[in-house]
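Contents: one structure, followed by commentary.
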Amino acid sequence: MVKYYAVRIGRQPGVYNNWSEAWTQTHRYPYNQCKRFNTYEEAVDYVNGGPRSPATGEAVYDRNYWRPVPDMGCGNSYETCPERFQIYTDGACRGNGTASAIGGIGVHFPDWRDYISEPLPGRQTNICADIYAAKLAVKTAVKLGECLLEINTDSEFLVNSMTKWIGKWQQNGWKCIDDRPVKNKKDFLALLEWTQYADIVWTKVAAHSGIAGNERADRLAHWAIEDQLRRH
């Protein structure tokens, strides 16, 4: 299937025929916006919503960038997409559900020298930790100029929330199907502030199954907890 890569904010906004060309326009370009589409028309519409030429007032894009590209076959099953910036996230909370709970988060990036290991602010729960880890992951990637991401997490709740439920929650005024308010609304809103700048595949991975990135993210989250315990 033909794919089109639309760069709305980057060095040269436009519709590109392959990821390598789009990547050149967005890599390490702060707050870039780039998405992949199945049709050229959708890609053009996306770019049309971006920056406009100060001279003509028209959207900036190149109508000639539409040559076919191969289907990369990316999905939510656990086969990472080679074209995407691979990130592994994990949240942990010792004493989850108790008044003395302590949480931490870990994020592993493609370069093993880059990582995040931080205490969890605010409400101390496993779910809050998973969402906060994802938020820091996306925020950091966007600031690095990466716009096509794959977030790998062992949190099924996080993946389902971002791929199945969050749109319905928003339509229903942040209420669940049984009319109860979404407990983590504040956390998800903070995450959505950054996901708007990226095209993200959310992938569920098996926990403690030897996947290097996931194992490291888990260790980083627990290191953050241990560091807090040592300081108290």
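Between R219 and W165, what is the spin-label point distance in nm, taking each point 7 Å from the Cα along the Cα→C-beta axis?
3.2 nm
Roughly how many whole Å is it from the C-alpha centroid of the range 176-232 to that of the range 104-168?
4 Å
Given the peptides 86-98, 186-198, arrange them by the average over their residues of other C-beta atoms within 10 Å, most packed first.
86-98, 186-198
Give, as a single signed number, the net charge of other residues whose beta carbon lies under 14 Å from the beta carbon of C176, with Lys and Arg counted +1 and Asp and Glu -1.
Its environment carries a net charge of +4.
Excluding residues fewer than 8 places away in the same chain, name every one of the lysines whose C-alpha is closer than 24 Å to that of K186.
Qualifying lysines at Cα under 24 Å: K135, K139, K143, K164, K168, K175, K204.
Find the Rg to Rh ratio for the range 85-231, where Rh is the Kirkwood radius over alpha-carbon pairs and Rg uses the same atoms.
Rg/Rh: 0.96.
Read the figures in this text as sums done on the coordinates, not as results from a lab. Keep in mind the model is a prediction, meaning the values are calculated, not measured. Virtual Cβ from ideal backbone geometry, glycine too; neighbours counted across all protein chains shown.
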